[in-house]
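Taking it in order: structure first as structure tokens, then the write-up.
The values are calculated or read from the model by the stated rules, or taken from the named source; none is laboratory data. Quick caveat, the model's predicted, so the values are computed rather than measured. Don't worry about glycine lacking a Cβ; one is built from the backbone with ideal geometry, like all the others, and counts go over all protein chains shown. Accessible surface areas use protein heavy atoms only, side chains included; no ligands, DNA or RNA. Shrake-Rupley method; radii C 1.70, N 1.55, O 1.52, S 1.80 Å.
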Amino acid sequence: MQTTLLGLAIAFIIALIAALIGPYFIDWNQFRPQFEAEAAQVIGAPVRVAGALEARLLPSPSLRLRSVVVGGANDLGKVRADKLDVEFSLGSLMRGEWRATELTINGMALDLGLDPQGRIDWPASTGKFNLGTLSIDRLNLTGRVALHDALSHGTLELNDIAFSGDVRSLAGAVRGDGNFSLAGTRYPFRVSSGQSADGSGTRVHFNIDPGARALSAELDGVLSFEARAPRFEGAVTLAASAGPRAKAGVDAPPAPWRLSARLKADHAAAKFEQIEANYGTEDTALKFVGVGDVRFGASPLLHATLSARQLDADKFAAKDSAAKDNAVTEPIRVLAILRALIAAAPEPPIPTQLEVSAEQIMLGGRPLQNFAADLRTDTKSWTIGQLDFRAPGATRLSVSGSSAQAGPSGGFKGALSLESSDPDALMMWLQGRNELSYRSQKPMRVRGDVSVTLGSSCDRRRQGRDRGRRLRRTRRGHP
């Protein structure tokens with residue numbers, strides 16, 4: 001009996017030693033064809049391992065692969081990884097559960113394609129393994145993700161992704177944080193997801209934290225798929241903090257802004273409802289509400305209609321908090337304010353048409369009424385399709401067909417129509433004066449083309465000095 005027990009103990013020790021050191025003496029690469037064939041059956045897609053392959057059983061089951069490709073040669077949906085290391089929980093495996101204590105994927109390259117019908121070009125899984133049963137305590141991932149749209153022939157690519165988080169199979173949840181690079185700018189992000197309450201989709205909460213561009217974004221809603229076509233319904237918020245303080249000679253730094261809306265989107269279009277847009281600090285912001293929509297594809301277009309009942313341009317233009325309570329802006333400064341708005345406004349990534357209206361705008365202590373503007377941009381320059389409002393002095397001003405140039409020294413030009421029943425009252429308001437020594441009741445009508453250059457205060461001082469030098473040279477007899 002003792003001899004039998006001793007023999008079993010020796011056999012167990014030998015088996016344990018073999019399990020520990022045996023894998024170091026096995027050339028796992030000779031089993032590459034068998035591994036690729038079995039992995040393809042489990043996943044349901046072709047698997048190829050071009051690099052080294054290693055496996056361990058103790059102290060914990062682990063698998064290490066190099067240069068892995070999942071997907072066929074002609075598949076748009078394909079995954080590549082330079083390095084894949086996975087370590088499983090031995091206790092979970094013995095209970096029949098798939099649980100990875102740590103999964104590391106480095107050099108990942110994921111390409112996803114949308115066909116003209118908006119469906120993800122990804123082969124349907126026919127594998128034996130249900131990926132939803134796998135939980136990962138620690139997921140470390142680096143690489144890139146690219147989305148190719150067949151309808152617009154465009155590509156959205158996120159580079160230099162670094163992500164760390166966990167995957168919980170019981171709740172179908174992913175949680176973690178990281179950062180990515182888009183168009184040369186790095187954005188930190190946080191993401192969490194879980195099954196929706198009715199089980200019809202995945203609840204997603206995605207945050208882009210302020211990075212180099214001080215831009216933040218938040219997306220919260222339900223992502224679902226109908227016949228492999230993605231749909232999203234939820235809320236979206238975009239915000240930017242105030243820019244750096246103005247330098248000498250610059251009128252104003254970029255103002256903070258915030259945009260929030262309810263969003264319904266699919267591959268072809270997106271619809272925005274309950275839009276709330278704020279431009280400026282909280283106590284002096286210009287606030288609008290409205291609706292909008294986006295058309296994707298070969299000819300994308302963003303269209304939005306924003307309106308406000310009353311805006312206070314005097315408070316918005318006040319330079320310090322002490323002046324905000326009784327702020328009155330000289331209306332002539334509206335050109336400088338317009339220049340600052342054009343310079344600081346975010347540049348839309350696609351062609352955009354904005355319809356902006358306000359019942360009343362307080363400027364120079366007097367109201368502008370029935371303000372309406374139709375603005376359009378091709379992402380390079382702005383065009384004022386129509387600008388119309390009523391000013392003091394029973395004045396109506398209309399500008400149409402104008403092109404506005406962005407930048408610190410922007411400007412605009414177009415057709416101008418001005419009709420005033422009391423032009424003296426109009427000039428008094430423009431100059432910030434309260435009384436007139438002489439008053440004429442003759443009406444004024446002006447029509448024609450106008451070109452305005454909106455330079456900074458530094459530019460204006462330099463131009464004034466140049467005019468002074470020319471005047472002095474002329475008086476001395478020089479040309």
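Just one of L156, L223 is assigned to a strand (DSSP E or B) and without any contact (Cβ under 8 Å) to a residue 12 or more places away in the chain; which is it?
Going through L156, L223 in turn, the sole match is L156.
Which number in (1) touching a helix residue (DSSP H, G or I) at 6+ places or on another chain (Cβ under 9 Å); (2) modelled with pLDDT of 90 or more marks the one condition that S125 misses?
Every listed condition holds for S125 apart from (2).
All but one of (1) open to solvent by 50 Å² or more (accessible area, probe 1.4 Å); (2) under 24 Å from L114 (Cα atoms); (3) touching a residue at least 24 places away in the same chain (Cβ under 8 Å); (4) part of a strand (DSSP E or B) hold for V204; state the number of the condition that does not hold.
Result: V204 passes all but (1).
Being farther than 15 Å from A100 by Cβ and modelled with pLDDT of 80 or more is the filter here, so list the residues in region 55-80 that pass it.
R66, S67, V68, V69, V70, V79, R80
Being surrounded by 15 or more Cβ atoms within 10 Å (Cβ to Cβ), touching a residue at least 24 places away in the same chain (Cβ under 8 Å) and among the hydroxyl-bearing types (S, T, Y): is that true of T185 here?
Taking the combined requirement at face value, the residue does not satisfy it.
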